[in-house]
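Structure, as structure tokens:
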Amino acid sequence: MGDLIFAQSNGRKIPLEDKIFGISNKAKKMIAERGKDAVVNATIGALLDDNGNLIVLSSVVDVLKNLSPTEFAEYAPIGGIPEFRSAILEAALGKKYAPKCFAEAVATPGGTGSIRNTISNYSAVGDKVLTSDWYWAPYGTIASEIGRSIDTFSLFDEKGAFNAVGFEEKVKELLAAQNQLVIILNTPAHNPTGYALTNADWESVLSALCRQASTEKKVTILVDVAYIDFAGDEEECRSFLPLFEKLPENILPVVAYSLSKTFTLYGMRCGAMICLAKTKEIAEEFKRVCEYSSRGSWSNCCRAPQSVLAKIHADERLLAKVDSEREQYRNMLLARGHAFEQAAAEAGLKTVPFDAGFFASIPCDNPDAIAERLQEEGIFLIPLAKGLRVSIASVSEEKCRMLPKKIRAAMDK
Ligand code: PLP
């Protein structure tokens, strides 16, 4: 942790280097020295082909290349261009299970912007924001940037099932200390575990919230669906959404949707926050406050990816083409996940419950020491507080099959 010379820390702990990028750079250095075949870089949060190259959907690139200058150069309205705002409702919520609520979409720079704006508008300065103990570290960074902090509940109970009891206890504890609570649940294809809440898990979450929330104690449930289109059947993965229809006015669901993974537009920084409000007034207020926050942080968002999404959703054949191209890569990713799971079972390596997604995790003591041991063999993973994260999105199926045995050996040393 570097001491600051001139800058103000404002309650933040700012490391000298981002952990994930630091380890990834070490892997790149070793590749330069020893060659590609000697190194497994399972640190990257993007979908790569078996040769380590970034997968970019060619059907999306074609649309991007054919945009007219105004379609990318003109400022977009703060909340997004109108065609994008309606198209993203269909992209995020799907057709079969789109809930009957007052839905409003506000454009954001990726899912990250949605997380930032939800915390800033639905929690107060000094509040704790709740998420699971296995979580994407930038939640902490985003919260600390705006004077909040993260608190966690244990995601799994002793049987390895979703810990509904622990979740409700924590909600109750936090609502005793503050009048509003933002909860972030990243599902399906959770980063870092690959877990997906079942619809029964969702029922428990929502009934707990109904018991704990009240007119004085408001809850915002932010569903981070950054990986949803790589979790399995694109419609069925959204079958939990209608459960939100039953919620009372004092619980506000917000969906953080991103074009980064779904459309492989990571660097174009596009996504949206979508409220599923009980009343028109709450939805209109959502639009007003979130646009205000956007204006005061990044102003408007990049127009090109908004135009791309609008064009894809306006043309059924084009949409089918993009969906089928993505499906091919999703199947590749799912096959890698199964290979990893199977090899882990064969090697007697315990993993955190995994369904699908870019990552799998291995619970262990001393994750930093084990990660360093593996680096000596050219294997790069991310050590987290409670274990090791393996990016199956960035290595081949063959490597997914080989990794568990090596990890097990490093743990046994
Ligand atoms: N949420 C999770 C859990 C993620 O892992 C990511 C990206 O890695 C995001 C949200 C948001 O990504 P972006 O801002 O690129 O959409």
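Worth pointing out:
- Each Lys and Arg contributes +1 and each Asp and Glu -1, all at the Cβ; summed about the Cα centre of segment 28-96, the dipole is approximately 260 debye.
- Using the Cβ-Cβ distance between Leu318 and Glu235 with R0 = 25 Å, the FRET efficiency computed as 1/(1 + (r/R0)^6) comes to roughly 0.85.
- About the Cα centre, charge dipole magnitude for the chain (Lys/Arg +1, Asp/Glu -1 at Cβ), debye: 500
- Accessible surface ranking for Arg238, Arg401, Arg288, 1.4 angstrom probe, highest first: Arg288, Arg401, Arg238.
- Heavy atoms of Ile31 accessible to a 1.4 Å probe, total area in Å² rounded to 10: 50
- Alpha carbon centroid spacing (whole Å) that separates segment 73-110 from segment 245-266: 10
- Measuring between alpha carbons in the structure, the pairs from Lys217/Lys246; Lys261/Lys350; Lys172/Lys350 lying more than 24 angstrom apart are Lys261/Lys350; Lys172/Lys350.
- For the pair segment 287-346 / segment 22-59, the C-alpha centres are spaced 21 Å from each other.
- Sparsely packed GluC sites (Glu not before Pro) within segment 163-219, loop by DSSP, other Cβ within 10 Å at most 14: Glu216
- Cα-based Lys proximity count in segment 1-82, under 16 Å, for pairs eight or more positions apart or on separate chains: 4
- Given a 1.4 Å probe and the protein chains as shown, Met332 ends up with an accessible area of around 50 Å².
- Remark: segment 279-294, residue by residue, has Karplus-estimated 3J(HN,Hα) of 10, 4, 5, 5, 5, 5, 5, 3, 4, 5, 6, 6, 5, 4, 4, 4 Hz, where x stands for each Gly or Pro and the curve is 6.51 cos²θ - 1.76 cosθ + 1.60 at θ = phi - 60°.
- For Lys278, solvent-accessible area (1.4 Å; no DNA, RNA or ligand), Å²: 100
- Computed [θ] at 222 nm, deg cm²/dmol, the chain (DSSP H ≥ 4; -39,500 (n - 2.57); rounded to nearest 500): -14000 deg cm²/dmol
The values are calculated or read from the model by the stated rules, or taken from the named source; none is laboratory data. Bear in mind the structure is a predicted one, so any value in this text is a computation, not a measurement. Positions of Cβ are backbone-derived with ideal geometry, glycine not excepted, and every protein chain shown enters the neighbour counts. We work out accessible area using only protein heavy atoms, side chains counted, and drop any ligands, DNA or RNA first. Shrake-Rupley method; radii C 1.70, N 1.55, O 1.52, S 1.80 Å.
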